[in-house]
Amino acid sequence: MPTGSADSSALAFLVIQAQSGDRGALDQVLRAVQEPLYRHVLAILRDSDLAKDVLQDVLFNVCRNVGQLRDPRWFRAWAYRIATREAVRGARRMQVRNEHFSGAEVLDSVEQPRGDELLDSELLAQLPALVASLSPASEVVLRMHYLEELTYAEIAEALEISTGTVKSRLAYGLTALRRSLGAEHVP
């Protein structure tokens, strides 16, 4: 779901309705977040079957605990926090090591340079390996910000870290990519 204020307001309104016992509203809320949460969990686990299992746990926890959410405007961040925790638990249960997501996904979501500055296919082919060299903390923040379009505040809430830490992890990841690719290729 896009992060526009109208969409966020609509989601918050649906959350309020769901908290009041409206099953239709709860269904709409779950549909709105299911795919983004799946992508988030999959990026952490890198195993689609395990990610689907973990997503079931996430959605169950969202349904069970939505009434405890004090501020419906923070629903997305709250749901991502649940998803992150469940993915970590799933990784521990299955002894899955957190692997890196494809750098091409980040590149596709970042505004592309114009004209002669476009990345060539050779650089694109190198990008997944370059992103794999980033710290897991930086890569998760990069993905959440560029792919899932979460704000710094939402990422901070979801990962239970400060906004400053979000910014520094994002800056570190982008700096490392710039260094690896050459400053002219990464915004």
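The values are calculated or read from the model by the stated rules, or taken from the named source; none is laboratory data. On a predicted model such as this, the values are computed, not experimentally measured, just so you know. Cβ coordinates were reconstructed from backbone atoms using ideal geometry, including for glycine residues, and neighbour counts include every protein chain displayed.
Points worth noting:
- Scope segment 141-173; condition free of Cβ contacts under 8 Å to residues at least 60 places away in the same chain and surrounded by fewer than 17 Cβ atoms within 10 Å (Cβ to Cβ); matching residues: ILE161, SER162, THR163, GLY164, THR165, LYS167, SER168, ALA171, TYR172
- Remark: ASN61 falls outside the filter, which requires a residue to be at pLDDT 85 or above and either loosely packed, with under 15 Cβ neighbours inside 10 Å or assigned by TED's automatic domain parsing to the domain that holds TYR146 (or both).
- Just one of the listed residues (GLN34, GLN17, GLN56) is under 16 Å from the mean Cα position of the chain (by Cα) and assigned to a helix (DSSP H, G or I), namely GLN34.
- Among residues of segment 62-85, those that are of a type in the set (D, E, K, R) and under 16 Å from ARG39 (Cα atoms), counted: 3
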